[in-house]
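Written out below as structure tokens is the structure these notes cover.
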Amino acid sequence: SAYRLSTMRKLPSVLARTLTSGTSGSPVLPDMSEVRSRLRDIVGASTNWRDHVQAMQERKALHTLLAKRQEDLPPRRMKDSYLEVILPLGSQPEIREKYLNVHNSVRFGRILEDLDSLGVLICYTHTKQEMQPRSPLSIVTALVDKINLCKKIIYPDCDIKFTGNVSWVGRTSMEVKMHMLQLHDGDYSPVLDATFVMVARDPENKRPAFVNPLVPETPEEEEIIKQGELNKLKRIDFSTASLLKMAPTAEERNIVHDIFLNTLDTRQEGEGTVSFRSRKLPPNSVWMEDAKLKGLQICHPQERNIFNRIFGGFLMRKAFELGWATACSYGCSRPFIVSVDDIMFQRPVEVGSLLLLSGQVCYTEKNYIQVRVHSEVYDADTREHQTTNIFHFTFISENEVPRVVPKTYGESMLYLDGKRHFAAIMKEI
């Protein structure tokens with residue numbers, strides 16, 4: 001098993017070492033369909049849409065199994081929640097079609113769906129109570145903190161392996177770190193790292209519920225938990241400094257003013273006047289208002305999650321596909337995803353909703369395109385729109401792209417927000 005150990009060493013997770021203990025030969029890893037059926041079993045969800053009301057009624061009785069305090073729950077180690085899952089694109093060609101895009105590589109939107117399902121199962125593994133086949137917890141995705149890719153292309157005919165574990169725990173929330181690797185020449189090499197934040201709620205998904213504390217076993221794991229704490233603080237800082245709450249910094253105000261001066265039409269200077277209203281587009285630029293695409297989804301029962309709301313992974317896939325199309329039409333060439341960050345799930349999406357998606361190029365630099373996708377549900381009865389998610393995607397295009405130029409104050413704020421997200425990503429990678 002020397003070959004297996006050498007592959008393990010290449011695994012980015014600190015917990016790879018625990019997998020080799022006590023196994024002879026290669027263990028058979030679960031695949032994605034098994035992940036989803038395990039999730040249904042844990043929650044007691046019905047595969048039949050008509051039975052969902054009944055299934056939810058049955059879940060109500062699980063209230064009595066919730067802990068009154070976090071201290072009443074047994075602590076868990078990182079290796080307790082460690083999972084490995086295979087996506088057998090190489091060995092099972094029949095599943096390939098679902099993952100294939102027109103460029104003969106893997107659809108990244110499908111990977112987002114798989115990461116979302118796996119993240120939830122990892123959290124259920126962390127909170128599992130030995131004697132209870134059904135979990136009283138409703139675990140949902142609260143936030144995709146970041147997904148960074150180190151490979152441009154994911155091959156459609158080589159096996160993929162996902163690994164992951166709970167890496168930090170609050171009182172009712174858990175951070176999950178996941179890694180994706182792909183088999184090449186007998187070796188698994190890293191493709192992406194992802195950090196998700198999940199929240200635990202009661203059986204009816206109405207109030208927060210306590211989760212098992214996490215205890216480190218090594219200095220390495222202590223560092224990971226510390227990093228989880230820092231990630232939480234960073235998110236709080238980022239949202240406190242949001243342009244919806246605070247004015248731009250002095251440097252940012254100068255950037256906006258420079259853009260404004262660069263777009264003033266100075267042709268009337270002969271008469272000694274420059275109109276603030278008259279604007280012209282600088283060379284090799286595109287007005288921000290001309291760099292957007294819109295999409296509409298009808299949310300069918302097929303896209304529901306185990307709690308009969310619309311599956312977060314489906315929302316991510318649809319937003320990603322619109323974001324990709326926005327970047328593609330803007331850069332006039334094939335864009336590649338570099339990073340996904342800061343996806344907030346602000347409210348659940350009900351089955352039957354009309355989901356409106358708006359993609360906007362909000363910042364560009366050289367070959368990079370920063371796209372923001374805003375998703376909202378429209379209630380046909382009340383005619384109200386409610387934001388459900390904001391998505392941030394960083395793409396790299398094959399060619400250098402034109403500069404995107406804001407015209408209004410609102411667009412300038414979107415531009416600065418995009419610039420902030422882009423700067424944060426560049427620091428990471």
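The values are calculated or read from the model by the stated rules, or taken from the named source; none is laboratory data. All values reported here derive from a predicted model rather than from experimental measurement. Because the Cβ atoms are built from the backbone with ideal geometry, glycine has one as well, and the counts that use them run over all protein chains shown. Accessible surface is based on the protein model in full, side chains and every heavy atom, while ligands, DNA and RNA are left aside. Shrake-Rupley method; radii C 1.70, N 1.55, O 1.52, S 1.80 Å.
For this structure, a couple of remarks:
- Count of residues meeting criterion [part of a strand (DSSP E or B) and open to solvent by 30 Å² or more (accessible area, probe 1.4 Å)] in the stretch 141-154: 1
- Unmet criterion (only one of (1) under 30 Å from Leu355 (Cβ atoms); (2) at pLDDT 95 or above) for Ser285: (1)
- Exactly one residue out of Gly359, Gly313, Gly295 is part of a strand (DSSP E or B), surrounded by 22 or more Cβ atoms within 10 Å (Cβ to Cβ) and in contact (Cβ under 8 Å) with a residue 24 or more places away in the chain, and it is Gly359.
- Residue check for Val211: more than 27 Å from Asn148 (Cα to Cα), surrounded by 22 or more Cβ atoms within 10 Å (Cβ to Cβ), among the hydrophobic types (A, V, I, L, M, F, W, C) and in the same structural domain as Arg76 (by the TED database): yes
- The set of residues in the stretch 238-268 that are surrounded by 10 or more Cβ atoms within 10 Å (Cβ to Cβ), at pLDDT below 90 and of a type in the set (D, E, K, R) comprises Asp265, Arg267.
- Filtered residue count, the stretch 44-70, keeping only those that are open to solvent by 80 Å² or more (accessible area, probe 1.4 Å), charged (D, E, K, R), touching a residue at least 60 places away in the same chain (Cβ under 8 Å) and not in a loop (DSSP other than H, G, I, E, B): 1
- Pair list, Cβ under 6 Å, 6 or more apart: the stretch 206-223 residue under 15 Å from Val166 (Cα atoms), other residue open to solvent by 50 Å² or more (accessible area, probe 1.4 Å) and part of a helix (DSSP H, G or I): Pro216/Glu222
- Options Ser105, Ser91: the member that is under 20 Å from Gly313 (Cβ atoms) and of a type in the set (Gly, Ala, Ser): Ser105
- Tally of residues being open to solvent by 20 Å² or more (accessible area, probe 1.4 Å) and either of a type in the set (Val, Ile, Thr) or more than 20 Å from Asn205 (Cβ to Cβ) (or both) across the stretch 100-140: 11
- The set of residues from the stretch 327-352 being among the polar types (S, T, N, Q) and open to solvent by less than 20 Å² (accessible area, probe 1.4 Å) comprises Ser333, Ser339.
- Among all residues of the stretch 412-426, there is at least one that is assigned to a helix (DSSP H, G or I) and surrounded by fewer than 16 Cβ atoms within 10 Å (Cβ to Cβ).
- Hits in the stretch 125-172 (condition: of a type in the set (Gly, Ala, Ser) and out of contact with any Leu (no Cβ under 9 Å at 6 or more places or on another chain)): Ser138, Ala142, Gly170
Each row is one residue, and each column tells you yes or no for (1) at pLDDT below 95; (2) within 18 Å of the chain's Cα centre (by Cα).
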residue: Leu322; (1), (2): no, yes
residue: Ser329; (1), (2): no, no
residue: Arg334; (1), (2): yes, no
residue: Pro348; (1), (2): yes, yes
residue: Gly352; (1), (2): yes, no
residue: Leu356; (1), (2): no, no
residue: Glu365; (1), (2): no, no
residue: Gln370; (1), (2): no, yes
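- Boolean, Arg403 is open to solvent by 20 Å² or more (accessible area, probe 1.4 Å) and on the phi < 0 side of the Ramachandran plot: yes
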